[in-house]
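The values are calculated or read from the model by the stated rules, or taken from the named source; none is laboratory data. Predicted model only: the values in this text are computed from it and were never measured. Here the Cβ positions follow ideal geometry from the backbone for every residue, glycine too, while neighbour counts run over all protein chains shown. The protein model used for the area step is the full one, side chains on, heavy atoms only, and it has no ligands, DNA or RNA in it. Shrake-Rupley method; radii C 1.70, N 1.55, O 1.52, S 1.80 Å.
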Amino acid sequence: MTSKYIRVVICTALYAGICFVGHAQQKARIYGVVKDSLGQPIPDVLISLTGNGPQEPVITDNNGKFSYTVPAEKDIDVFFFHPGYISQNYKMNLKDGEEKQIDVSFHISSGSSLKTVSISAQRQSAQEMMELNPKVVNSIPMPSGDFNAILATQPGVSTRSELSSEYSVRGGSYDENLVYVNGIEVYRPFLVREGEQEGLSFVNPDLVSAVSFSAGGFEAKYGDKMSSVLDVTYKKPTDFEASASASLLGGTIHLEGVDKSHRFTWIVGARYKSNQYLLSSLDVQGDYKPKFGDVQAYLTYAISDRWELDVLGNFALNSYNFVPQDETASFGTISQAYQLQVYFQGQEVDAFQTVTGATSLQYNANDKLKLRFTVSAYNSQESQDYDVEGDYLISQLGSTGQAAYGVGVGSYLNHARDDLNALVYNFQHSGSYEYKPGNTLLWGATIQREQFTSQTSQWNLIDSAGYSVPYNPNILLLNNVVKTYDTLDSYRLMGFAENISRWQTLDTNMIILTAGVRENYSTLNHQLVISPRATLAYKPNWKKDILFRFSSGFYAQPPLYKEMIDQYGIVHPDEKAQESIHFVAGADWNFKAWKRPFKLVTEAYYKDLLNIIPYEVNNVFVNYYPNQTAKGYVQGIDMKINGDFVKGLESWFSLSVMQARYQVNNAYYYTYYNTYGQQIIPDVTTNNTPVDSVKHGVGYQPMPTDQRVTVGIFFQDYLPKFPNFKVNLNLIFGTGIPFGPPSQTLYGDTLRSPFYQRVDIGCSYLIVGKRGQSIKTGLARYFHAIWIGLEVFNLLQANNVISYNWIADASGREYAVPNYLTAREVNVRLMIEL
């Protein structure tokens, strides 16, 4: 949104002494496109005049296009500048009213990488957005093979399953993250309970040209969620290109091109994924048949120099069929080690079909005013059906590691018939107006309709040693019974206004203030939410390239669907928005080490959670308690250093330390005492007849996402004597999160899961398109590059736990049986680029 204008300010400061214009009485116009040596358009190129008095420069748009009014009837020198490329000058003398086309080709300038990184960092940091390199996504060795793999090692981001693309940011839940693709908010399925079901996320890495991410304190132009925003931009091709990949986990293909007039561009991508090979390493053995696929297309047509039509479409079909057979899992401590053996009958059949479409019409009135009108729709049809019976035996292990004797035997039956149809469609308008150099006004308005129809039928039957739990001699009692049919139909009105102002002091210090406000009103709960937000960035004129910033704002998250459904399936349509206030202070330092560019980012934050809906996390499913409210806080610090640790290859290291705590309002518990004045403790005291009780209020406790320390590393390297052989390493470490027995209340999660620790490594070899190859022969005449790679997932064979099954014996004693994630697996990949 504002990156091009920040470049103007920076570049104008660097070249203030050479940007002049002549008399304005006689005018001419030059226009054209700026591209690199590969024919790719270059946005944000500074275009100015030299030797003709002060005149405001212009910059190229996202398609590399420009239009510049210049003096006529005199000699002028047009200057083209972009950090990272060799500057160019064009001398000319135009007649009054003449229009001249100039198509410029830029070549990379050696030694300019630091400038490129510096300006990009200033642009993003000033707006609390971190720019990520989408080209490294396909190099990250992760079993999910998902675009969100690039987020897993970012500061402030926590992920605990390689099978899922879900992530938590700075103590928030999985449902608190915004995702935009070309300005369209995209959604994920609502009924997914486990990472095995999840399939593919929306973003296709082969179609991406730019990525920005914020872990908090983001602008008012972004929507109404409390944790983060991921802003993705798809490509506008300038030539024909294609790529394909295949591995043991699936494959991808993408095509892109442009017509001869360069008015119509198109890019299409298709993906297929199957985790069958990967899931075979889980403790639960059986017949896994996961099939995930999608097709996406992004089309643009320049109706004229001022009007452009964009169309984005996506169709995804994810199915998960599973027939479990048996499970063997060990748990406990060294002194009390147990083993669970389960034999299954039944199956699970899940299906998630989503369709997303959006059409945008953009009008560029002039260099200052831009208007955009968008119509979009999202439909998700989801179903999950299962009837799974398990007969289990709990044994205590002896000193040899073998089962010594049984301590519990029983069975359970899990049943579900859940269906959901979600439809969200809207009309939105957005615009921007640069009312004076360095100052821009942004605005937007959206009207949205949300329709949800759901039918839920769930129950569990537990039988321990021939007795139903809980036991009743007269009737058969089921557990966790939910039978509902719900419909929700509402309208939502949203809007924002934002102003970006820039000042440059006499000593050339730079100050950038971004201030805005957004509103959200829902006809369902009739609540109007006003959210003011602001970011102040300061770039001192120091020898060191450092930028400071401070952000604060009100962030509210009105309920959409899941937040209104309690554990009994009851809908709470009057549920109010969750609310928080963010305070974020940070600094970016761009520096040079070993004559290569590096960037250090540090942020300290505090989130005051004024009103939140308590929830529990089981695997990747968030179970809300909308009939309760809570308050809390999240505080921490994030650090990241990235750069060319190996020349020409970007790597990064991140560290996050966080504390997330909350207090459930009006929550309390009782302790009971017997006739001897002793506190009654089941299975400990002999006299369990209560004669007295004491009421205790519940104070602050860790939130379900309270992962205190996380470390992320992505490192790339190559063999100096064999530069076509590359190694990529991905490391994720996170401390444990709270959990507890499901029979307990919200404040009973006092246990901590084990650390999540994972190392994945990938090796690849460029067999076609070798570096330095100037004459193409053989396959190189037809292919731009061919890579073959080998990946080892979970290199250290870590036993990571995603959740727990609680198994009870006849006495009511419960055992927490861990559900482990995938073991070490090997994957082979082939990647082709045309």
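Of interest is the spacing of the C-alpha centroids, which for segment 134-195 and segment 686-739 amounts to 16 Å. Charge dipole of segment 473-527 (Cα centre as origin; +1 on each Lys and Arg Cβ, -1 on each Asp and Glu Cβ, all else neutral): 120 debye, rounded to the nearest 20. Sorting 443, 307 by solvent-accessible area of protein heavy atoms yields 307, 443, largest first, with a 1.4 Å probe. Straightening the chain between residue 478 and residue 669 buys 66.2 nm, computed as 0.36 nm per residue apart minus the Cα-Cα spacing. When the trypsin sites (Lys or Arg not before Pro) in segment 520-570 are filtered for DSSP coil states and for at most 14 other beta-carbon atoms within 10 Å of their beta-carbon, the remaining sites are 543, 544.
In percent, rounded to a whole number, the relative contact order of the chain is 9, using alpha-carbon pairs under 8 Å and six or more apart. Per-residue surface analysis assigns residue 263 an accessible area of about 90 Å², computed on protein heavy atoms at 1.4 Å probe radius. With Cβ to Cβ distances under 11 Å as the rule, what net charge do the other residues near residue 730 carry (K, R +1; D, E -1)? Taking every Cβ under 11 Å from that of residue 730, the sum is -2. Dipole of the chain computed with +1 at Lys/Arg Cβ and -1 at Asp/Glu Cβ about the Cα centre; of 397, 501, 805, farthest Cα towards the positive end is 501. The slack in the chain from residue 683 to residue 423, taken as 0.36 nm per residue of separation less the alpha-carbon distance, amounts to 88.5 nm. With a Förster radius of 22 Å applied to the C-beta separation of residue 439 and residue 363, the computed FRET efficiency comes to 0.55.
Site pair residue 765 and residue 29 shows an inter-label distance of 5.7 nm when each label is modelled 7 Å from Cα along Cα→Cβ. Simple spin-label estimate for residue 373 and residue 285 gives 6.3 nm between the two label positions (7 Å along the Cα-to-Cβ direction from each Cα). Cβ-Cβ distance of residue 567 and residue 453, R₀ of 35 Å, FRET efficiency by 1/(1 + (r/R0)^6): the value works out to about 0.95. Over the chain, dividing the summed -39,500 (n - 2.57) contributions of all DSSP H runs of at least 4 residues by the number of residues returns a 222 nm mean residue ellipticity of -1000 deg cm²/dmol. Placing unit charges on each Cβ (+1 for Lys and Arg, -1 for Asp and Glu) gives the chain a dipole about its Cα centre, and among 823, 251, 435 the Cα reaching farthest toward its positive end belongs to 435.
Within segment 667-772, the chymotrypsin sites (Phe, Trp or Tyr not before Pro) that combine a DSSP coil assignment with at most 12 other C-beta atoms in a 10 angstrom radius are 676.
For Rg and Dmax of the Cα atoms in Å, the value calculated from this model appears in (1) 29.4, 107; (2) 27.7, 92; (3) 33.2, 102 under label (1).
Extension gain for residue 403-residue 606 works out to 68.1 nm (0.36 nm per residue, less the C-alpha to C-alpha distance). When +1 charges are put on Lys and Arg Cβ atoms and -1 charges on Asp and Glu Cβ atoms, the dipole computed for the chain relative to its Cα centre reaches about 3340 debye. Label sites at residue 733 and residue 585, each approximated as a point 7 angstrom past Cα along Cα to Cβ, lie 2.8 nm apart.
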